[in-house]
1. So which helices (runs of 4 or more DSSP H) stay within the range 87-197 end to end and still have 2 or more residues that are in contact with an Asp or Glu (Cβ under 7 Å, 6 or more places away or on another chain) and of a type outside the set (A, V, I, L, M)?
2. Being crowded, with 16+ Cβ neighbours inside 10 Å and out of contact with any His (no Cβ under 7 Å at 6 or more places or on another chain) narrows it down to one residue among Ala155, Ala178, Ala169; which is it?
3. So Lys125 fits all but one of (1) under 11 Å from the mean Cα position of the chain (by Cα); (2) more than 25 Å from Ala182 (Cβ to Cβ); (3) surrounded by fewer than 24 Cβ atoms within 10 Å (Cβ to Cβ); what number is the exception?
4. What pairs can you find where one residue is in the range 125-150 and touching a residue at least 12 places away in the same chain (Cβ under 8 Å) and at negative phi, the other is among the hydroxyl-bearing types (Ser, Thr, Tyr) and surrounded by 20 or more Cβ atoms within 10 Å (Cβ to Cβ), and their Cβ atoms are less than 8 Å apart, with a gap of 6+ or different chains?
5. In the range 38-53, which residue that is more than 16 Å from the ligand (Cβ to nearest atom) and charged (D, E, K, R) is farthest from Phe128 (Cα to Cα)?
6. In the range 107-133, which residue that is over 17 Å from Ala165 (Cβ atoms) and of a type in the set (Val, Ile, Thr) is nearest to the ligand (Cβ to nearest atom)?
7. For residues in the range 8-37 being among the charged types (D, E, K, R) and surrounded by fewer than 19 Cβ atoms within 10 Å (Cβ to Cβ), which is nearest to the ligand (Cβ to nearest atom)?
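Where a number appears in this text, it was derived from the coordinates with a stated rule and is not lab data. Note that the structure is predicted; figures quoted are calculated from it, not measured. Cβ sites come from the backbone with ideal geometry, for glycine too, and all protein chains shown count toward neighbours.
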Amino acid sequence: MSARIVVVSGSARDESNVHDVVRIATTSARAAGAEVREVLLHALALPIMDPGDSEQAKLASVQEVRRSAAWAEGFILVTPEYHGNMSGCLKNWFDYLYPELAGKFAGVIAVTGGGSGDMSITAVKNSFAWCHGFTLPFHAAARGTDFTDGALHSARVMDRIQRIAYDVARYAPILGRAFDEARSLGDGQASGVAGLH
Ligand SMILES: Cc1cc2nc3c(=O)[nH]c(=O)nc-3n(C[C@H](O)[C@H](O)[C@H](O)COP(=O)(O)O)c2cc1C
């Protein structure tokens, strides 16, 4: 069975360096044998999550976000770095989710102006962990100078993105199976965190 992976684009813009990184991540995950869906947040027009608005759950964009996340075993999350953090639209994606990410696995990639990406990568990993997901202890960051006209030309960054895609495809199904088995034990301590979901 091939891994089910969702690649999330955290850019709100039609023209962004993020898009080439998403393309490379998707191509690489498919090369690793995964079944891949993309969630392109600039195309979804997801409203700001309002926990008091029960009507939001009926929106096609919200249903797409929740359905795709529930389907996935693993994620490749690509964020532009905004003020040392993930983009607002990627954080908004997180805010619609919680049980859909528990026991899942993610690799994280940042696209920055010139920074190292550490801040936004850490932010994404924190949010994923707070949704009870696990992240790859390896990540990638592409700076503005790594692109020409929106195309990534850094062989080093490309190599890291490809390694992340292979690792997410490799580990996500293993973790998913372990989490499902743990959940089948019920809510006792032996089920670990899975028993709380
Ligand atoms: C509001 C804002 C904040 C930004 N903050 C940072 C930052 O903290 N560090 C950095 O290296 N680049 C920063 N940048 C540059 C973006 O990370 C970079 O241009 C990225 O490619 C933007 O992706 P986008 O085109 O999808 O918006 C910022 C850009 C914007 C618009």
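1. Values: elements: 88-95, 118-130, 155-183.
Ranges flagged: 155-183.
2. Ala169
3. Lys125 satisfies every listed condition except (2).
4. Short answer, once both residue conditions are applied: Lys125/Thr135; Phe128/Thr135; Ala141/Thr112; Ala142/Thr112; Arg143/Thr112; Gly144/Thr112.
5. Across the range 38-53, the extreme among qualifying residues is Asp53.
6. Thr112
7. First, the residues of the range 8-37 that are among the charged types (D, E, K, R): 13-15, 20, 23, 30, 35, 37.
Those still in the list that are surrounded by fewer than 19 Cβ atoms within 10 Å (Cβ to Cβ) too: 13-15, 23, 30, 35, 37.
On the way: Arg13: 5, Asp14: 9, Glu15: 7, Arg23: 14, Arg30: 23, Glu35: 26, Arg37: 20 Å.
Checked the range 8-37; the qualifying residue nearest to the ligand (Cβ to nearest atom) is Arg13.
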